[in-house]
């Protein structure tokens, strides 16, 4: 099976299982999505969704976030982990959004990636899910699944992103990224994964997965 054929099988399977995937991070607008994605680094979406209501009750706009001191932010987001760095990032990016972007989350990759705590993956999530711009956010989980399914030999997430963008139609990227996340959680986890029981791996998974 060629990579194109594998990609077609993956897309057909994911469309059947997750025809209308929801964004797993609770948010109300571009800014609250940006904050949630920053908090999600090395933290589960479930935990982020437990913490953001507490944070947004005090600061759900860049102006409100910038007016809080870093230590207050840190105390609220501490359960998400990496709170010293994340609290500084949230405070700093809010100040920049106010000073340089009129209080609105910028909608270019360049401007987003210039914000503290915002890398390419975070910017891709915001661009795709807040602004509808075709993007393919690739985290370590999607990187792992792309390798398992033989869609990429990438040694890093940047190469995997490029490979996936070549294989799938651009108009499907924003939905597909969410579909893969849900599939990985429910059928293709990092640990204790049985490829023989996985709807995709059992059909197109790399042969290395089946070695006992």
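Which of (1) under 18 Å from the mean Cα position of the chain (by Cα); (2) in contact (Cβ under 8 Å) with a residue 12 or more places away in the chain; (3) more than 17 Å from residue 6 (Cβ to Cβ) is the odd one out, the single condition residue 196 does not satisfy?
Failed condition: (1).
Can you find even one residue in segment 79-96 that is more than 21 Å from residue 119 (Cα to Cα), within 22 Å of the chain's Cα centre (by Cα) and surrounded by fewer than 17 Cβ atoms within 10 Å (Cβ to Cβ)?
Checked segment 79-96: at least one residue is more than 21 Å from residue 119 (Cα to Cα), within 22 Å of the chain's Cα centre (by Cα) and surrounded by fewer than 17 Cβ atoms within 10 Å (Cβ to Cβ).
Condition first: touching a residue at least 24 places away in the same chain (Cβ under 8 Å) and outside any helix (DSSP H, G or I). Now tell me which residues in segment 140-160 satisfy that.
149, 150, 151
Looking at segment 15-38, which of the residues that are more than 30 Å from residue 117 (Cβ to Cβ) and in a helix (DSSP H, G or I) is farthest from the chain's Cα centre (by Cα)?
Across segment 15-38, the extreme among qualifying residues is 16.
Just to be sure I understand, how many residues within segment 161-196 are in a helix (DSSP H, G or I) and under 18 Å from residue 137 (Cα atoms)?
Qualifying residue count, segment 161-196: 23.
Return only the number of the condition from (1) in contact (Cβ under 8 Å) with a residue 60 or more places away in the chain; (2) out of contact with any helix residue (DSSP H, G or I) (no Cβ under 8 Å at 6 or more places or on another chain); (3) under 23 Å from residue 87 (Cα atoms) that residue 122 does not satisfy.
(2)
For segment 110-162, enumerate the residues that are buried (at least 21 other Cβ atoms within 10 Å of the Cβ) and on the phi > 0 side of the Ramachandran plot.
117, the sole residue that qualifies.
Coordinate-derived values only; no laboratory data. Since the model is a prediction, treat every value here as computed from it, not as a measurement. Counting neighbours? That spans all protein chains shown, and the Cβs are built from the backbone with ideal geometry, glycine included.
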